[in-house]
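Asker: First the structure, which I've put down as C-alpha cells, then a few questions once you've had a look.
The values are calculated or read from the model by the stated rules, or taken from the named source; none is laboratory data. Note that the structure is predicted; figures quoted are calculated from it, not measured. Every residue, glycine among them, receives a Cβ derived from its backbone with ideal geometry; neighbour counts consider all protein chains shown.
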Amino acid sequence: MALSVPRAPGFAQMMKEGARHYSGLEETAIRSIAACKEIASTTRSVYGPNGLNKFVINHIEKLFTSNDAATLLRELEVEHPAAKLLVMATQQQEQECGDGTNFVMIFAGALLEKAEELLRMGLSVIEIASGYDMALKKAHQILNELVVDRVKDISDKEAVKKVIRTSVMSKQYGNEDFVASLITDACLQVLPRNSHFNVDNIRILKVLGSGLSSSSVLNGMAFKREVEGTVTKIEDAKVAVYTCPIDIMQTETKGTVLIKTATELLDYSKGEESIVESQIKGIADSGCKVIVTGGKVGDLALHYCNKYELMVVRLPSKFDVRRLCRAVGATPLPRLTAPAANELGHCDMINVEEIGDTALVVFKMEKEESSVATIIIRGSIEYKMDDIERAIDDGVNTFKALTKDNRVVAGAGAVEIELAKRITSYSETCPGLEQYAIKKFAESLETVPRALAENIGLNANEVISQLYASHQSGSKNDGVDIEAETASVIDASEKEIKDLWLIKHWGMKFAVNAANTVLQVDQIIMAKKAGGPAPRDAPNQDEDD
C-alpha cells in the first residue's frame, strides 16, 4: 500500500513542488527594499563628474569599463524582481529623456530606504505610498517655479551647448566643452525645420589612434571600408543604392545545358557576359557614378563597373544602407536594374581617406545640408572611445529632450536641496500620518547632492548643512562646488551648470512609481523553473566519436 507524502499547508500546497513563496512584512517588503538598496548603492558611486568607473563582465564575457549607470544596469542582467522594477524605471527614463538614469536609481533607492524606517515605526504601506504621491505632486509644482532659463532658439549654438555641456560633464569631466561643441555642431546640422529630431541621424564612428582632440564632425557619412573597384574619388556624384548583390542573378530552378562544341561554349559565356554588361551599362547611362550595395559584388560585374568608371561600395549592414539612403536621398532598389531619375541620390564628394591606419569611404555633403551627420571619435584605446560614445549619446538625447521642452533648472544638486527645503515646510502643514512620508521624501532628495559630495571626497554632512544655510538665506540656485578642496557651495546658474527640467520631472515620477510598486507588494511567488537539472559531464553531441 502506497503512502502519500503530506504537502506543506497553505499557499504552497497549490503550487508545483519546488515553487517558492514569501509573505508578510519581513519576508516581502523588507527583503525587496534590501535588494533595491544594494543596487542603488552600486550605481551611487558612479554619480557625477567625479564618479568612479566599474568593470563589468557580461554573460558573453565581454568587458565593459564605464561610469554610465544605464550601461552598467543593462549589462548586469538583474534577476531579483524588486531590483528589476528599479532597473525598468531607469530604462523608461532612458527612453523618455535619454539621461538621468542614475538620478532615478539613487532617488528610488533612497525613498525605499526611508520607507523601511517608516515601516518599522508602524506606518502602513498605503500611508507611505499616499505620502510619497502627495510629495511628488507638490515637487512638480515647486519645480515649475525653479526654472532659471529657457532655450528660446533651438538653433542658437551657444545656448544649446551650455545645456549639453552639463550632461556630458558627468561622463567626460575635463573634456566637456570640446565634446559638447562636437555634439551641438552635429545636432544643428541635421536639425529638421518642421519635424521631430531623430537621434538616429547622428552617427558615431570610432577610429583608433591619436586622441580625443582629433575628433571631428562630418556632414554626411563615413564607413570603415575600402571601395571594391579601382575608382576611389568622385565629385558631384549621383548614387544608386541596391539591397541585392551586384552579380549574375541566380535562377530559382536548376537545369542542364548540353554543349557539344567549343563555339557553343564560347557563345554561352558571351551570353552571360553580355547580360551583365547590359545591366551595368544601363546603370551608367542613367547618370549614376556610384553604386552602393548591401550584398556581394561579383568579379564579372566589378570588371564592367571599372570599365564604365563606376565607384562600387559594399555595405554589409542593412542599417548603414538605410541611413545612407536618408543621407544622400536615394531609394533602395531590390533588383539590379537601371534606376529612374527620382531613385538616384546625390552626394557632393565621395572618396577614400586614411585616418591613422584606418581606411574610410567618406560620403561628404559640402554644398547642401545632409539629413545625417557623423561624429568621428579618436582615442588611444577602445574602452576610452566607448565611454566617449556613451557621453555623446547622452548629449544627443539631451538635445532631443530640449526640442520637447526648453526649460532648464540649476544643477549641482541645487534644485534637489531647494525642493527638499520647501517640501519639508509643506509636510508640517499636512494632517495625518502621510506627513511623515512627505518629510522622508524631502530627506531622500538630499541623496543627490550627498552623492556628489561623497564622490569628490568631501564631508557630505558639512556640504548639506552649508547648502541648507545658503538656500535658507534665499540663494535657491546654490549647489555643490565639485572643484573645491573643502566643503563649499557655488551658484550653479552663474557657472552654467544647468539640468533639463524634463529630466528632473520624469526622473522623480519614475522613481516614486517604482518605489511605490515595490512597497505595495505583499507576496512574492516564484514558480518552479521549467526544465530539469542540467546534465553533468554530458558528452558534446557535435563531436564525432
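Asker: Of all residues in region 374-406, count the ones that are closer than 18 Å to Val199 by Cα and either without any contact (Cβ under 8 Å) to a residue 12 or more places away in the chain or of a type in the set (A, V, I, L, M, F, W, C) (or both).
Answerer: Adding up the residues that qualify gives 10.
Asker: Hey, among the residues in region 409-428 that are in a helix (DSSP H, G or I), in contact with a Lys or Arg (Cβ under 9 Å, 6 or more places away or on another chain) and small (Gly, Ala, Ser), which one's farthest from Ile490 (Cα to Cα)? I'd like the intermediate steps shown before the answer.
Answerer: To start, the set of residues in region 409-428 that are in a helix (DSSP H, G or I) comprises 414-427.
With in contact with a Lys or Arg (Cβ under 9 Å, 6 or more places away or on another chain) added as a condition, the list becomes 414-419, 421-424, 426-427.
If we keep only those that are small (Gly, Ala, Ser) as well, we get 414, 427.
Numbers: Ala414: 9, Ser427: 28 Å.
This residue is Ser427.
Asker: Would you check if there is a residue in region 509-518 being crowded, with 19+ Cβ neighbours inside 10 Å, basic (Lys, Arg) and within 27 Å of the chain's Cα centre (by Cα)?
Answerer: Scanning region 509-518, I find no residue that is crowded, with 19+ Cβ neighbours inside 10 Å, basic (Lys, Arg) and within 27 Å of the chain's Cα centre (by Cα), so the answer is no.
Asker: I've got another one for you. Residue check: is Lys171 under 26 Å from Phe399 (Cα atoms), buried (at least 24 other Cβ atoms within 10 Å of the Cβ) and among the basic types (Lys, Arg)?
Answerer: Yes; evaluated as a whole, the condition is true for this residue.
Asker: Conditions first: (1) within 21 Å of the chain's Cα centre (by Cα); (2) in a loop (DSSP other than H, G, I, E, B); (3) more than 26 Å from Phe103 (Cα to Cα). Asp185 passes all but one, so which condition is the exception?
Answerer: (2)
Asker: If you check Glu113 against the conditions, is it of a type in the set (Asp, Glu), in contact with a Leu (Cβ under 9 Å, 6 or more places away or on another chain) and within 30 Å of Ala29 (Cβ to Cβ)?
Answerer: On the way: of a type in the set (Asp, Glu): yes; in contact with a Leu (Cβ under 9 Å, 6 or more places away or on another chain): no; within 30 Å of Ala29 (Cβ to Cβ): yes.
Criteria not met by Glu113.
Asker: Just a yes or no: is a residue in region 129-140 in contact with a helix residue (DSSP H, G or I) (Cβ under 6 Å, 6 or more places away or on another chain), in a helix (DSSP H, G or I) and over 28 Å from Ser41 (Cβ atoms)?
Answerer: No, that holds for no residue.
Asker: Can you spot a residue in region 187-197 that is buried (at least 16 other Cβ atoms within 10 Å of the Cβ) and either among the charged types (D, E, K, R) or modelled with pLDDT of 85 or more (or both)?
Answerer: Step one: filter region 187-197 for residues buried (at least 16 other Cβ atoms within 10 Å of the Cβ), giving 187-191, 197.
Filter once more, keeping what is either among the charged types (D, E, K, R) or modelled with pLDDT of 85 or more (or both): 187-188.
Yes, some residue in region 187-197 is buried (at least 16 other Cβ atoms within 10 Å of the Cβ) and either among the charged types (D, E, K, R) or modelled with pLDDT of 85 or more (or both).
Every residue, every condition in (1) at pLDDT 85 or above; (2) surrounded by fewer than 21 Cβ atoms within 10 Å (Cβ to Cβ); (3) out of contact with any strand residue (DSSP E or B) (no Cβ under 8 Å at 6 or more places or on another chain), yes or no:
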site: Asn342; (1), (2), (3): yes, yes, yes
site: Met349; (1), (2), (3): yes, yes, no
site: Val362; (1), (2), (3): yes, yes, no
site: Glu366; (1), (2), (3): no, yes, no
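Asker: Another question, if that's okay. Taking Leu146 as meeting all but one of (1) under 24 Å from the mean Cα position of the chain (by Cα); (2) of a type outside the set (D, E, K, R); (3) modelled with pLDDT of 85 or more; (4) under 27 Å from Glu418 (Cβ atoms), write down the number of the exception.
Answerer: Result: Leu146 fails condition (1) only.
Asker: One residue is enough: does region 372-390 have a residue meeting the conditions out of contact with any strand residue (DSSP E or B) (no Cβ under 8 Å at 6 or more places or on another chain) and crowded, with 24+ Cβ neighbours inside 10 Å?
Answerer: no
Asker: Can you tell me which residues in region 171-180 are in contact with a helix residue (DSSP H, G or I) (Cβ under 8 Å, 6 or more places away or on another chain) and either outside the structural domain of Arg390 (by TED's automatic domain parsing) or not in a helix (DSSP H, G or I) (or both)?
Answerer: Listed by number, the residues that qualify are Lys171, Gln172, Asn175.
Asker: Quick one: in region 423-460, which of the residues that are among the polar types (S, T, N, Q) and either at pLDDT 85 or above or crowded, with 20+ Cβ neighbours inside 10 Å (or both) is farthest from the chain's Cα centre (by Cα)? Explain how you work it out, then say what you get.
Answerer: Step one: list which residues in region 423-460 are among the polar types (S, T, N, Q), which gives 424-425, 427, 429, 435, 444, 447, 455, 459.
Right, trim to either at pLDDT 85 or above or crowded, with 20+ Cβ neighbours inside 10 Å (or both) and you get 424-425, 427, 429, 435, 444, 447, 455.
Values: Thr424: 35, Ser425: 38, Ser427: 37, Thr429: 42, Gln435: 38, Ser444: 27, Thr447: 24, Asn455: 24 Å.
Only one residue fits best here, namely Thr429.
Asker: I need the full set of residues from region 379-408 which are among the aliphatic types (A, V, I, L, M) and in contact with a Lys or Arg (Cβ under 6 Å, 6 or more places away or on another chain), in order please. Write out each step before concluding.
Answerer: Initially, region 379-408 is screened for residues among the aliphatic types (A, V, I, L, M), giving 381, 385, 388, 391-392, 396, 401-402, 408.
Once the filter is applied, which keeps residues that are among the aliphatic types (A, V, I, L, M) and in contact with a Lys or Arg (Cβ under 6 Å, 6 or more places away or on another chain), region 379-408 yields Met385, Ala391, Val408.
Asker: Further question on the same structure: Please go through region 133-160 and give me each residue that is charged (D, E, K, R) and buried (at least 21 other Cβ atoms within 10 Å of the Cβ), ordered by number.
Answerer: Initial filter on region 133-160 (charged (D, E, K, R)): 133, 137-138, 145, 149-150, 152-153, 156-158.
If the condition is that a residue be charged (D, E, K, R) and buried (at least 21 other Cβ atoms within 10 Å of the Cβ), then no residue fits.
Asker: Now for a separate question. Within region 79-95, which residues are in contact with a Phe, Trp or Tyr (Cβ under 9 Å, 6 or more places away or on another chain) and either free of Cβ contacts under 8 Å to residues at least 12 places away in the same chain or under 12 Å from Gly109 (Cβ atoms) (or both)?
Answerer: Ala89, Thr90
Asker: Right, another one. I'd like to know if region 156-163 contains one or more residues that are among the small types (Gly, Ala, Ser), closer than 28 Å to Ala492 by Cα and part of a helix (DSSP H, G or I).
Answerer: From region 156-163, those among the small types (Gly, Ala, Ser) are 159; that's our starting set.
Still in the list and also closer than 28 Å to Ala492 by Cα: 159.
Going one step further and asking which of them are part of a helix (DSSP H, G or I), we end up with 159.
Scanning region 156-163 turns up at least one residue that is among the small types (Gly, Ala, Ser), closer than 28 Å to Ala492 by Cα and part of a helix (DSSP H, G or I).
Asker: So which residues in region 81-127 are among the polar types (S, T, N, Q) and surrounded by 19 or more Cβ atoms within 10 Å (Cβ to Cβ)? Write out each step before concluding.
Answerer: Going through region 81-127, the residues among the polar types (S, T, N, Q) turn out to be 90-93, 95, 101-102, 124.
Matches in region 81-127: Thr90, Gln93, Thr101, Asn102.
Asker: Which count do you get for residues in region 349-383 that are part of a strand (DSSP E or B), farther than 19 Å from Leu182 by Cα and not polar (S, T, N, Q)? Spell out the reasoning first.
Answerer: Filtering region 349-383 for residues part of a strand (DSSP E or B) gives 349-355, 358-364, 373-379.
Among the residues that remain, those that are also farther than 19 Å from Leu182 by Cα are: 349-354, 358-361.
From what is left, the residues that are not polar (S, T, N, Q) are 349-350, 352-354, 359-361.
Selection size over region 349-383: 8.
Asker: Oh, and also: Looking at this structure, is Ala330 in the same structural domain as Ile283 (by TED's automatic domain parsing), under 30 Å from the mean Cα position of the chain (by Cα) and surrounded by 18 or more Cβ atoms within 10 Å (Cβ to Cβ)? Explain how you work it out, then say what you get.
Answerer: Values: in the same structural domain as Ile283 (by TED's automatic domain parsing): yes; under 30 Å from the mean Cα position of the chain (by Cα): yes; surrounded by 18 or more Cβ atoms within 10 Å (Cβ to Cβ): yes.
Yes; evaluated as a whole, the condition is true for this residue.
Asker: Looking at region 65-80 only, could you name the residues that are under 10 Å from Arg390 (Cβ atoms) and of a type outside the set (D, E, K, R)?
Answerer: Step one: of region 65-80, the residues under 10 Å from Arg390 (Cβ atoms) are 66-68, 70-71.
Across region 65-80, the qualifying residues are Ser66, Asn67, Ala70, Thr71.
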